[in-house]
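Have a look at the structure below before the remarks.
The values are calculated or read from the model by the stated rules, or taken from the named source; none is laboratory data. Nothing here was measured: the structure is a model prediction, and the numbers come from that model. Ideal geometry is used to build each Cβ from the backbone, glycine not excepted, and the neighbour counts take in all protein chains shown. The protein model used for the area step is the full one, side chains on, heavy atoms only, and it has no ligands, DNA or RNA in it. Shrake-Rupley method; radii C 1.70, N 1.55, O 1.52, S 1.80 Å.
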Amino acid sequence: GLPTGVLICAAAGHGIGSFCLRSKGHYFAIFTLAVGLIIHLVIQKWESLTHGHVGVIGIPGPGPLGPVRFDSGIARSYLALFFLALTVAAVSRIVRSPIGRTLLAVRESEALAAAVGLDVMAAKRMAFTLSAAIAGLAGGLFAGFIGFLGPESSNVEMTFNTLLYVMVGGIGSL
């Protein structure tokens with residue numbers, strides 16, 4: 001289920017990014033907040049799939065991986081730590097690759113990156129898709145850890161908190 005969730009999130013990120021990334025600055029922020037609000041409302045109102053305000057209860061945790069079982073909170077914490085290390089290593093490799101240099105050039109100056117022949121929209125769409133896939137991985141682990149998903153898992157406060165974490169941690173830093 002976790003790989004499928006990551007792929008679905010990546011596909012959704014690619015599709016939403018195709019529309020979202022046409023806007024710039026404040027309009028981009030407003031558009032992404034609006035998409036988050038729409039997703040929250042869909043989760044809340046689509047009762048046949050999400051059970052509305054009640055949410056989905058009884059989501060199973062991660063199954064055993066050979067002799068390793070994830071029944072305790074400590075074992076699940078180590079699993080989350082493993083995926084964190086894996087994600088940081090993968091993103092670090094991407095940053096140091098030619099793709100990372102392209103993304104850095106686009107971040108510094110879209111006009112200059114386009115002038116030297118880089119496909120700015122493709123680079124931004126790829127970054128959006130990758131970030132959606134990472135968010136899907138985190139969401140899949142989160143759902144398995146708490147065993148419940150409901151509308152409050154995707155509210156506007158959660159979006160603002162995430163943006164605050166990015167601002168405090170530093171935009172463009174691992």
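Table for the structure above
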| item | result |
| --- | --- |
| Test for ARG76: is it open to solvent by less than 60 Å² (accessible area, probe 1.4 Å), closer than 29 Å to SER153 by Cβ and of a type in the set (Lys, Arg) | yes |
| Condition met for VAL42 (farther than 23 Å from GLY13 by Cβ, free of Cβ contacts under 8 Å to residues at least 60 places away in the same chain and open to solvent by 60 Å² or more (accessible area, probe 1.4 Å)) | no |
| Neighbours by Cβ (under 8 Å, 6+ apart or cross-chain): first from region 52-75, in contact (Cβ under 8 Å) with a residue 40 or more places away in the chain; second open to solvent by 100 Å² or more (accessible area, probe 1.4 Å) and among the hydrophobic types (A, V, I, L, M, F, W, C) | GLY52/TRP46 |
| Test: VAL168 is modelled with pLDDT under 90, of a type in the set (A, V, I, L, M, F, W, C) and either at positive phi or loosely packed, with under 14 Cβ neighbours inside 10 Å (or both) | yes |
| Region 1-60 - residue that is in contact with a strand residue (DSSP E or B) (Cβ under 9 Å, 6 or more places away or on another chain), assigned to a helix (DSSP H, G or I) and not hydroxyl-bearing (Ser, Thr, Tyr) and, of those, nearest to LEU163 (Cα to Cα) | ILE43 |
| Answer residue from region 147-174, given it is in contact (Cβ under 8 Å) with a residue 60 or more places away in the chain and among the aliphatic types (A, V, I, L, M) and is nearest to VAL56 (Cα to Cα) among those | LEU149 |
